[in-house]
Amino acid sequence: MAGAAQCSLQAKRLLLDPKFEGYKLSLEPLACYQLGLDAAVAEVKLRDDQYTLDHMRAFGMYNYLHLDSWYQDNVYYVDQFGRVMNLAVTLDTALQKPREVFRLPTDLTAYDNRLCASIHFSSSSWVTVSDGTGRLYLIKSGKRGNSASEKWEIVFNEELGSPFIIAHSVSFLKCDTHTVAVLLLRVEKDELDTKGSGFHITLEWITIAETSKEGEHRYEIFKRRVLQGKSVPHYAAIEPSGDGLMIISYKPFKFMQDEDDKSEENYDVKVTNEKKDPLYYWQQTEDDLTITVHIPQDITKDDIKVCFSPDNICVTLKDQPPLMEGKLYSSVDHESCTWIIREDKSLEISLIKKNEGPRWPELIIGDTRGEFIMDSSQCSEISESLMHLTSEVMNPNPEKEKPPCNAQELEECDAFLEDSASLCRFDGDTLKVTHVINLGSNQYLFSVVVDPREMPCFCLRHDVDALLWQPHSDQPENMWEHIATFNALGYVQASKQDKKFMACAPDYSYAALCECLRRVFIYRQPAPLSTVLYNRKEGRQVGQVAKQLVATLESNDPILGFQATNERLFVLTTKTLFLIKVNSGN
């Protein structure tokens, strides 16, 4: 990631509500409809050799209900007979039974080590399907959600190695050629990993393109690339143009390169390892900074040029490019700055701080070639200032106004297992990371497709809120846009220990989460009140209220799938599909 641009997510203040007062539990009834399934959902339970947290995340928590974002209120699932079943809703009170649109050619019962079948809708007329045995199908579907025009036709199918699930796929035109890019997820045994879980995760990026030979049109694999990592990605999506890839994961992914690329990379590593010695050393006091630079023996005073300005420094030897150049961390009194050549042939530069007192964490912004040296008095001073934070006693001085932090007093929602997740953007040509964001404690919550022509959005926790981000691969200056906020959802979801899935409406009107069994929680955006309501504590009128609603399903079967549309929630159990009417249509 050496050449990657370090980025950050910029939240829009106008979309934040610092005065949000919480959710009010609403007892208004929710219309809930249920459809019995002809055959049970094709759930594949984890085997004894799939015992890691990554297996649980990738396959144990798999969402068996697939929402077709290209068509409104259109969902699919695969049943135990290998049939792809569809439910398209136009009127809740006149629901049709799910209908078969496609049947997997493979006899799934003959495979012991298969995974769950997976589906992804690449465009309004193209679908990618995996049967869970290692075979990929590319299907031309026609207009979906309508029995008259929907006809699934296989145009490509191929065995691609060990079983996988489809993480994402896109359909696009490249040089006037129809192309489909698919991302396959596998959890594979790693014989070299003796200290970890013994497994690694691979993401295989496959490009399938239409070819024409002797007048016959067919689809063939054009390119296969593999990324490898040590944790299942929270989010992995191909850009609409097929030019790049974005991944959110706890541990980094990297492309597995060919031998030629590896030798070139090893040479680069060797070269960088040889440059271990710092270019300069620097020290500081409250008033000034001292920089020491080692210079060649043949350099004289006349060969050295040092330019000072209030915020910059530039050091040049003879006619060579600048040895040191850049913006200083803070301002200096440039007229009082000096430099000398010491007896040991080193250049010593003295900078006088404009603002006395504050310590500089770095000398030149972004320059990592120097090394800071701290003297013993500074070490003891810092150690003394931190003494109150380190003690063998929980609170050595209870009379103090601010006792030390007690980790046992932290609420569960303040603790993150994965506090160093990162968001990376990979370039499809160079296979290098071009942008990286360290998400820190911005916990990943869920993803949602707001516009099927764009990449899926991802929702992250920011403090107590949950912020929704839309990636724009074609806008380098605005690559991740903050498009919506779910107030206090980050805090609320942390208290739901049994939560399994989270989702939100594509129009952001509500967010929802479900537990493993029965219960569904819905959090509506604040809405104006039809009656007058006063906050008695503050003596002011309340203009709008955000409501929390709870639905309890009439089923003891585990929830296997969960999808949200603007009007309704779809909840799939082993033998039943539930529809919860959340918003009334326009």
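Right, V155: β-branched (V, I, T) and crowded, with 19+ Cβ neighbours inside 10 Å or not? It would help to see each step written out before you state the result.
Numbers: β-branched (V, I, T): yes; crowded, with 19+ Cβ neighbours inside 10 Å: no.
Spelling it out, it is not the case that V155 is β-branched (V, I, T) and crowded, with 19+ Cβ neighbours inside 10 Å.
Comparison of G161, G145, G132 shows that the only residue that is open to solvent by 10 Å² or more (accessible area, probe 1.4 Å), part of a loop (DSSP other than H, G, I, E, B) and either touching a residue at least 60 places away in the same chain (Cβ under 8 Å) or touching a His at 6+ places or on another chain (Cβ under 6 Å) (or both) is G145. Taking the criterion of being in contact (Cβ under 8 Å) with a residue 60 or more places away in the chain, farther than 16 Å from T290 by Cβ and open to solvent by 60 Å² or more (accessible area, probe 1.4 Å), the only residue of the range 354-381 that qualifies is R369.
Within the range 1-48, the set of residues being closer than 20 Å to N63 by Cβ and without any contact (Cβ under 8 Å) to a residue 24 or more places away in the chain comprises K45, L46. Contact annotation: residue pairs with Cβ atoms under 6 Å, 6 or more positions apart or on different chains, pairing a residue in the range 266-288 that is within 21 Å of R359 (Cβ to Cβ) with a partner that is at pLDDT 85 or above and open to solvent by 50 Å² or more (accessible area, probe 1.4 Å), are P278/E371; Y281/E371; Y281/I373; W282/F372; Q283/I373; D288/I352. Entry remark, the range 1-34: residues being under 24 Å from I247 (Cβ atoms) and open to solvent by 100 Å² or more (accessible area, probe 1.4 Å) number 4 in total.
Of the strands (runs of 3 or more DSSP E) entirely within the range 313-385, those holding at least 3 residues that are of a type in the set (A, V, I, L, M, F, W, C) occupy 338-341, 346-352.
Of all residues in the range 111-129, those that are farther than 20 Å from L87 by Cα and among the small types (G, A, S) total 0. Among the residues examined, T194 does not qualify as among the polar types (S, T, N, Q) and in contact with an Asp or Glu (Cβ under 7 Å, 6 or more places away or on another chain). Of all residues in the range 169-214, those being open to solvent by 70 Å² or more (accessible area, probe 1.4 Å), modelled with pLDDT under 90 and not aliphatic (A, V, I, L, M) number 9. Taking each residue of the range 176-194 that is free of Cβ contacts under 8 Å to residues at least 24 places away in the same chain and looking for partners that are part of a loop (DSSP other than H, G, I, E, B) with beta-carbon atoms closer than 7 Å, six or more apart or interchain, yields K189/G198; D190/G198.
Let's see how each residue does on (1) of a type outside the set (K, R); (2) out of contact with any strand residue (DSSP E or B) (no Cβ under 8 Å at 6 or more places or on another chain); (3) surrounded by fewer than 16 Cβ atoms within 10 Å (Cβ to Cβ):
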residue	(1), (2), (3)
L431	yes, no, no
T434	yes, no, no
R461	no, no, no
M479	yes, no, no
A505	yes, no, no
L517	yes, no, yes
P528	yes, no, yes
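The sole residue among N157, N146 that is farther than 15 Å from I206 by Cβ and either in contact with a strand residue (DSSP E or B) (Cβ under 9 Å, 6 or more places away or on another chain) or of a type in the set (D, E, K, R) (or both) is N146. Scanning the range 335-353 finds one or more residues that are loosely packed, with under 15 Cβ neighbours inside 10 Å and in contact with a Leu (Cβ under 7 Å, 6 or more places away or on another chain). In the range 215-224, the residue that is nearest to Y235 (Cα to Cα) out of those that are open to solvent by 30 Å² or more (accessible area, probe 1.4 Å) and in a strand (DSSP E or B) is R224. Number of residues in the range 41-56 that are of a type in the set (D, E, K, R) and more than 15 Å from E188 (Cβ to Cβ) equals 3.
The values are calculated or read from the model by the stated rules, or taken from the named source; none is laboratory data. On a predicted model such as this, the values are computed, not experimentally measured, just so you know. No Cβ is skipped: glycine too gets one built from the backbone with ideal geometry, and neighbour counts run over all protein chains shown. These area figures cover heavy atoms from the full protein model, side chains too; ligands, DNA and RNA do not enter into them. Shrake-Rupley method; radii C 1.70, N 1.55, O 1.52, S 1.80 Å.
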